[in-house]
Structures are given as structure tokens and as C-alpha cells.
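Colleague: Okay, handing you the structure first.
Throughout, read-outs are computed from the coordinates displayed, never taken from laboratory work. Bear in mind the structure is a predicted one, so any value in this text is a computation, not a measurement. In this analysis, Cβ positions are derived from the backbone assuming ideal geometry, glycine residues included, and neighbour counts consider all displayed protein chains.
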Amino acid sequence: MKIGRFKIELVIFDMDGLMFDTERLIFRSWKESCKKYKQNISEEIFIETIGLNRKKTIEVYKKYFGDSFPYEELINETVRIFEGFIRSEGVPLKEGLLELLEYNKKKQLKMALATSTKRDRTELMLNLSGTRKYFDLVLCGDEIINGKPDPEIFLETAKKLNCRSENCIVLEDSKNGIIAAYRAGMLPIMVPDIIKPTKEIEDMVFKKFDSLKEVKSFFKDNFK
């Protein structure tokens, strides 16, 4: 498949904030767990952690709260609350997700998921949402050494599927994800969620859209 002069072999999806409208739900869970531990995490600090794996998230909180902050306990409680929400309320899908996955499948495009989220929670959300079947590969944040914005997760994904970096599209919502895709030498397409891109980030993206529905329309109009 080609888009203009680019030969496309693989489309790599991020998960939280891109496929699923979960960032707000995660923040809601954080607030609940913070009440229990009598901590206060502002939305600005939370936003700084979007797109990061567990290790890098802890580094952000240490920067603001020091070494005495109960990171592991708070994160574990947040995950427990979050999983309770998605089990009872379902996984909120982003507009156009299923249509885009079905279109790519029909076009026989390879698809992979590269997320900073741990394997167990990733599999839970994929299974609850019924989207696991679309992906040729799923790579998670606890299966790599360096999390986003390091490009490792994207480079490893392409390597495992025998695809060249320059022939990969990455769909991302976060700053850290876009930087990682750009550093990997791939084509970053941004669908912003909570964080709106700065000029620096916009200069890195191949395309920017308001929804996955628009991404599908772009693919349909441009894939040859």
C-alpha cells in the first residue's frame, strides 16, 4: 500500500487516549486513590505522565513529591479502581476506532499495538473491547527497557513484524508518543486527546486529525 511516495507496510496504534477514551477515566481513578492516601495530584502533573510507562511515571512524581511519596501503593490502588470502572462500565471506544480497524483489515494492512500500559491491563482492555483480534502483534510497556519518548517500543514492533521503520505509520495522541515515533523514523499521525500539541510537536507529525474517523477517511482517499 502507498500514500504518495510512502510505501506503508504496518500501522502501529497507541492504546490509551488513542483507541480508548481512558485518560479521563485514569485521572478519575487517580483522584480516587489520592483521596485514600491523602495525596493531591493536579491535572497538570497528571498530564505530564500521559504516554509514559510505570517507571517514567514514577520519575515524574518523584520530581514533584520526593522519595517519600507512596508511588507503588498509589499506582496499584489506581489500577484496581480503574479496572473496576472498565469492568462495570465497559471500555470507552474512541469515535471511528472499529471502522478504522475493519478498513485496515479489509485492505490486509498489518496492524500492531505499542502501548506504555502493562501487559495484563492491556489484554484486559483488548478483550473487554473485542479488539484483540485485529492486531498481528501487541507490545507493552513492561516488555521493553526504555519507554516513550524513547523509540524502542516502535522499533521493536517493526522488527518483530519484519517491517522497515520508514514504511510504518504510528497513530498517537500524546507528546511522548509522537516524539518516540519521530525518533524511530516512522510517519507519526496525531489524534490529540487531553493534550493539545505544541508547535514543536506539530512539526514532527506527518498528519494531524481530530478523530480516528478522519484517519480512516484519509486512508481511504490516499491508499493506492
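Colleague: Take the alpha carbon atoms of region 58-108, find their center, do the same for region 1-53, and report the distance between the two centers in whole angstrom.
Modeller: 6
Colleague: Throw me the Rg/Rh for region 121-194, computed over C-alpha atoms with Kirkwood Rh, two decimals.
Modeller: Taking Rg over the Kirkwood Rh, I get 0.96.
Colleague: According to the Cα gyration tensor, what semi-axes, each the square root of 5 times an eigenvalue, does the equivalent ellipsoid of region 86-150 have, listed from largest to smallest in whole Å?
Modeller: Semi-axes (√(5λ), whole Å): 21, 17, 10.
Colleague: Give me the three principal axis extents of the chain from the C-alpha atoms, as integers in angstrom, largest value leading.
Modeller: Sorted largest first, the three principal extents are 56, 36, 30 Å.
Colleague: Another one. Going by average Cβ density within 10 Å per residue, which order do the peptides 166-175, 111-120, 212-221 take, highest to lowest?
Modeller: Ranked from most to least packed, the peptides come out as 166-175, 111-120, 212-221.
Colleague: Still on this model: Determine ³J(HN,Hα), in whole Hz, for all residues of region 88-104 in sequence, where each value follows from phi through the Karplus function 6.51 cos²θ - 1.76 cosθ + 1.60 and θ = phi - 60°; x replaces Gly and Pro.
Modeller: 8, 9, x, 8, x, 7, 6, 4, x, 4, 5, 5, 5, 4, 5, 5, 4
Colleague: Consider all pairwise Cα distances in region 54-126 and report the whole-number % of them above 15 Å.
Modeller: Considering region 54-126, 69 percent of its Cα-Cα pairs are separated by more than 15 Å.
Colleague: Moving on. Of the peptides 65-75, 21-31, how do they stack up when ordered by the mean number of other Cβ atoms within 10 Å, highest first?
Modeller: 21-31, 65-75
Colleague: Can you list the residues, at least 5 places off or on another chain, whose amide H is less than 5 Å from the amide H of V170, using H built in the peptide plane?
Modeller: I12, L187, I189
Colleague: While we're looking at this one, here's another question. Through the Karplus equation 6.51 cos²θ - 1.76 cosθ + 1.60, θ set to phi - 60°, convert the phi angles of region 14-25 into ³J(HN,Hα) values in whole Hz; use x for Gly and Pro.
Modeller: Computed from phi, the couplings for region 14-25 are 7, 10, 5, x, 10, 7, 10, 7, 9, 4, 5, 5 Hz.
Colleague: Note down the magnitude of the dipole of region 11-97 about its Cα centre, charges +1 on Lys and Arg C-beta and -1 on Asp and Glu C-beta and zero elsewhere, to the nearest 20 debye.
Modeller: Magnitude of the dipole: close to 260 debye.
Colleague: Check V138: other-chain or 5+ apart residues with amide H under 5 Å from its amide H, H built from backbone geometry?
Modeller: L113
Colleague: Using the Kirkwood radius over C-alpha pairs as Rh, can you work out the diffusion coefficient of region 23-89 via Stokes-Einstein at 10 °C, viscosity 1.306 mPa s, in µm² per second? Write down the numbers at each step before the final one.
Modeller: Details: Rh = 12.1 Å.
This corresponds to a translational diffusion coefficient of 132 µm²/s.
Colleague: Mind checking the dipole of region 77-224: about its Cα centre, +1 per Lys or Arg Cβ, -1 per Asp or Glu Cβ, Debye to the nearest 20?
Modeller: On the way: 26 positive and 24 negative charges, 111 e Å.
Dipole magnitude for region 77-224 comes out near 540 debye.
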